[in-house]
Structures are given as structure tokens and as C-alpha cells.
Amino acid sequence: MKIKKSLLCLMIFMVLQMVLAVPVCASDYSDYIDNIIDMAKERYYQYVSDDKLLKGALKGIFQTMDEYTTFYTLDEATSFLDTLEGNYQGIGVEISQVSEGVVVIRVFANSPAEGAGIFAEDRIVRVNGKDIAGFTSAEVASLIKGEAGTFVELGILRGNSNEILNFRVERGTVNISPVTWRVDGDVMYIRLDSFSSNSARFFEQALKEMNKRGLWKMVLDLRNNPGGEVFQAVSIARSLVKQGIITTLDFKSEKQNDIVYESYLTKTKYLPAILVNGNTASASEILASAVQESGDGFLIGTKTYGKGVVQNVLPILSPEAYERYLKEYGQSSVDAYDWINEYGVNVKESDLIGWTKITTGHYLTRSGNQIDGIGLEPDFPVADPQRNTGIDVQAVKSLQSTASIALNGVGNEVFDAEKILLLKGYEIEVVDNELDENTCEILKQFQKQKEIQVTGILDEATKKALNEELEELRLSLDTQYAKARELLSLLKY
């Protein structure tokens, strides 16, 4: 992880300038905190290092502010920044901390986690045999991630069951494409999972395909999109929203200028029907509000999360580096970006103790509304679809290959075929990428019902029939998507 590289994609200054065991303010708590640390080391029954105590104290400081502000050790920061950049080594899940513990929010396409059969909404309770009760999501993420080719064992609770399911997942290099798309008749369905550093680039590829096919109707799925980089959301909005303000960022610190992002389109080319829910947050709400308030599209679903604040990721000097810089330059700051931007110092990673993700300001919508804790109300309210199987029907891929897969064969199309069959009500025992005896027998039942030659083989005719079922399932199980298709069908260019 390089500080200069991170500086290009992350903003900017820290308002809390505090590190333990050095004098930092007029009240001077350093002697008091020194004594707290000494007392902890003396009374605790085992050895504990100053570094461990300091990092624990920093986590405590930042986590008292709001639910979005936190402190990352260097290893945790590397994992977090790699995710923002769109690739990392791990299993390919996004997790979040909720009252019940740590929950899988999203499973990335073509990831080791997807291949192992892990689903969104699974609750992680063990990692490598360790009970993770009380762990933060960042701590759990650090346990799960690791070098490609190594394995991690997860204990998972699914649905309302109290039975722990055990998964052994081989880690790999996860290249996150946050954009997936398909053509449904005269409509382009685009799913945007997050706003990482490559989101706008992948979204532009989907728009190029729309242009190639002469399409202008779009279903843009922002459900369960937790946000990410603001500028990625702004870049996408500039393709969808006519001339005017997209969002305004209002910061507290005088070191950081407020920013007004605008669109410059004189005429829009596409009509987006945007799907939203209670997990549509932050940068997703910036994009959704810009489309809604400009009148260039409409929102369908349930009220969004209501995260109207923005965070910056900032590097923090270690106490040793702080003291060295203070003696050498006569300046006092623990924010490494201050030293880079204001004093031109080449800060090394070895000079850092960690990073903080800290809330620095809030944003306003196109019309000047502040939505933090409020959210966006959809133009067309439609209740969230129920996932009785734990499978997101929109994430299931159509079966495109003409190759057949027989008993004991493996392949990603087996995985998707099993999902379709499970959604249809067939009793698939294990959803994975192996065509085992159970799946073979169920394929025979399906083939018989569809009057296809009964072989138990996933052949071309069976795939075609499964694809037809998938199209019907998308409309019948996902009422928000069905509403978007209905409304778009009424519109003429």
C-alpha cells in the first residue's frame, strides 16, 4: 500500500489531531493517559505491548463518534483500500455488522464464495473454528482475507435455522466488477453493486452496449448498494442527469473546501427506472436523488437508508514518527496528509500506525435537501421481495454454453441451474457447481415436466427451458423489477 497512490483516490484532512502518550492540546491529557496505560500493563495478568494498547485506544476514540468512523491497523487498511480499488485476495464477500453479529451483504460474481455456495444474508459465527461473537466487521474481514491458494473455514447460520453450516473456501484473487448487465427485450438491466474506483468505467461499457443496440430504457438496480467513492457516483450521474447540480459536499474543516458537483448534459439519452431499498445508501443515494430530483427518471421500491454524510480515509503517524517530525520540522500534526500536502514530506508507510475512516461532512441533494437519517422516498413504493431460499433471482445468470454436463460434472452453469431449480421449488440438497446424483434426479423430473428427453444431463434443450423459467421467475419473484418493466413498457421515445 503506497501513500501517494492512496492520495490520488482518497480525500483529505483530519479534524481530530490526537495520539496517545504525546502532548496534543491545551488540556494536555498525555500524563493521564500514560498512567492509564501503565496501570493496564501492571494490573493485566498477561503481557500486553504498548503498541497493542495504543491501537486499541485509537479504535476506541474513533468508534465513539458515529457508526461510520473507525480506525484501521495497517493490515486492515490494506484490505479496505484494496476493496475500494476493485481487487483483493480473499473469498469475495462484503460483510456488515448488525445487532445479530456479522452478516454477508453481498457475494461477488465469479468469486470463491459464490462457488462455495455462500449466500447474501448468511450470518457468520465462526472463522477457522473461532467464535467471532463481539468481533467488528473489520476484524472478521481480516480473518477471512488471505493469500490466494490458502483456505478459510466459515461457520454460518442461514435463515431461521440454528444449525451451523460449515464451508471450507479456497481464497483467490477477487477482481470486483461492480457492474453487471443484460438485455431484457427493449430494456437494459444494469446492476450496480458498489462505487469502487472502476464503477464508472464498467458502467460506461454497459451504456456503449445500449447505444449499439439502440436502447434507451434502463432498469438500474441500486438495491443493497452501500455506496463507495463519491466521484464514481457523480461520473455515472453525469451520463443520466441533465445540466445542473448533482450534489454538494459540505465539510466542517476550514482546510477542506466545499465541493459542488454538476452535470453538463443539455439533453439526456436514457430513461432510468432505479430500484432502491433500505440498504441503498450513501453514494447510491447521491445518484438516485440526482435522477429523481432532476425528473430524468424515477425510483421504485422502499425508502433508502438515509446516509447523508461523507467519510475521508486518512493516514495517522506513529508516536515515534510524530516525535521525529516535530523535532525535525517544528510542526505538530498526526495527519500524514498534512505532511505530504503542506510540507512536501515523503511519508513512508513505516511511519504510520494506521488509518482512520472519519466522517468529515455531509452532502446535499440536487434540490438542497439533507437526507441523513431520512432517506429517499420512492416515486413508486413497492415492498421488498421475499427471499425464502436466500437466493437473489436477479443475480442468477442465464445458461449460455452449448456444452452438456453429465453426472459428476462440474461448472458454474451447474451452480446457476441448481439455483433456478431451487427457486422453482425443487428440493436441491446442496447448491454448488457439481452435478451430483441429487441434481441429476431433479433434472430428470424437470425434463419430464417440460417434455424434454429425460437424461439427467444439463444439455442445450434443458438449459433453454431453464432460461425460460428464469425469465418468469425474475418477474414473479421480484415485484420491484416487475413494476419497473411495467412502467417502462408504457413509455414511448
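Rule-based calculations on the coordinates, nothing more; no lab input. Since the structure is predicted, the reported quantities are computational estimates derived from the model, not experimental observations. Every residue, glycine among them, receives a Cβ derived from its backbone with ideal geometry; neighbour counts consider all protein chains shown.
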Self-check item: Modelled FRET efficiency - R0 30 Å, TYR45 with GLU153, Cβ distances, 0.05 increments
Solution: 0.50
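Let's test the formula: R0 of 41 Å, r as the Cβ-Cβ distance of SER398 and LEU74. What FRET efficiency results, to the nearest 0.05?
Approximately 0.45, to the nearest 0.05.
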Quiz item: What does the charge count near GLY146 come to, summing +1 for each Lys or Arg and -1 for each Asp or Glu among other residues with Cβ under 15 Å from its Cβ?
Solution: -3
Quiz item: Points 7 angstrom from Cα along the Cβ direction at LEU407 and GLU254: gap in nanometres?
Solution: 7.9
Quiz item: For the chain, what is the mean residue ellipticity at 222 nm derived from helices alone (per DSSP H run of n ≥ 4: -39500 (n - 2.57); sum divided by total residues; nearest 500 deg cm²/dmol)?
Solution: -10500 deg cm²/dmol
Quiz item: In the chain, with Lys and Arg counted as +1 and Asp and Glu as -1 at Cβ, which of these residues, VAL393, ILE37, PHE62, has the Cα nearest the positive end of the dipole, that is, farthest along it?
Solution: VAL393
Quiz item: Separation of the stretch 235-269 and the stretch 308-330 by C-alpha centroid, Å?
Solution: 30
Practice problem: Give me the net charge of TYR261's neighbourhood, meaning all other residues with Cβ under 13 Å from the Cβ of TYR261; Lys, Arg count +1, Asp, Glu -1. | Solution: -2
Exercise. Please list, or write none, the lysines whose alpha carbon is within less than 26 Å of the alpha carbon of LYS59, excluding same-chain residues fewer than 8 places away.
Key: LYS2, LYS4, LYS5, LYS41, LYS130, LYS145, LYS252, LYS255, LYS307, LYS348, LYS357
Quiz item: Rounded to the nearest 20 Debye, what is the dipole magnitude of the chain about its Cα centre when Lys and Arg each give +1 and Asp and Glu each give -1 at the C-beta?
Solution: 1320
Quiz item: Which FRET efficiency value, to the nearest 0.05, is calculated for VAL430 and VAL183 with the Förster distance at 35 angstrom and r the Cβ-Cβ distance?
Solution: 0.65
Quiz item: Which of the peptides 210-222, 245-257 is most tightly packed, and how do the rest follow, going by the mean number of other Cβ atoms within 10 Å of each residue?
Solution: 210-222, 245-257
Quiz item: In percent, how large is the relative contact order of the stretch 90-182, given Cα pairs closer than 8 Å and 6 or more residues apart?
Solution: 29
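How charged is the neighbourhood of ARG201? Take every other residue with its Cβ under 15 Å from the Cβ of ARG201, and add Lys/Arg as +1 and Asp/Glu as -1.
-3
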Quiz item: What shape does the chain take by its C-alpha gyration tensor, where a ≥ b ≥ c are the square roots of the eigenvalues and a/c under 1.5 counts as rounded, a/b above b/c as prolate, and the rest as oblate?
Solution: oblate
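Expressed in nm to one decimal, what extension gain is obtained for the pair LYS464 and ASN160 from 0.36 nm per residue of sequence separation less their Cα-Cα distance?
The span from LYS464 to ASN160 would gain 106.0 nm if fully extended.
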Quiz item: Quick one: Cα centre-to-centre distance for the stretch 118-188 and the stretch 337-381, in angstrom?
Solution: 27
Exercise. Name the residue farthest towards the positive end of the dipole of the stretch 393-477 from the options GLN445, GLY409, ILE428, assuming +1 on Cβ of Lys and Arg, -1 on Cβ of Asp and Glu, about the Cα centre.
Key: GLN445
Exercise. Return the lysines within reach of LYS269: Cα separation strictly under 18 angstrom, same-chain partners fewer than 8 residues apart disregarded; answer none if there are no such residues.
Key: LYS208, LYS212, LYS217, LYS242, LYS492
Quiz item: Quick one: putting +1 on the C-beta of Lys and Arg, -1 on the C-beta of Asp and Glu, what dipole do you get for the stretch 64-140 around its Cα centre, in Debye to the nearest 20?
Solution: 240
Quiz item: Between ASN369 and GLU323, what length comes free when the chain is fully extended (0.36 nm per residue of separation minus the Cα-Cα distance, one decimal in nm)?
Solution: 12.2 nm
Self-check item: Length gained when the stretch GLN449-ASP34 is fully extended (0.36 nm per residue, less Cα-Cα span)
Solution: 141.9 nm
Quiz item: How high is the relative contact order of the chain, in percent, counting Cα pairs under 8 Å that sit 6 or more residues apart?
Solution: 13
Exercise. May I ask you to order 61-68, 198-205 by the average number of other C-beta atoms within 10 Å around their residues, highest value first?
Key: 198-205, 61-68
Practice problem: For the stretch 178-299, build the charge dipole from Cβ charges (+1 Lys, Arg; -1 Asp, Glu) around the Cα centre, then report which of LEU207, GLY295, PRO178 sits farthest towards its positive end. | Solution: LEU207
Quiz item: So, with +1 on the Cβ of K and R and -1 on the Cβ of D and E, and no other charges, what is the size of the charge dipole of the stretch 393-477 about its Cα centre, to the nearest 20 debye?
Solution: 280
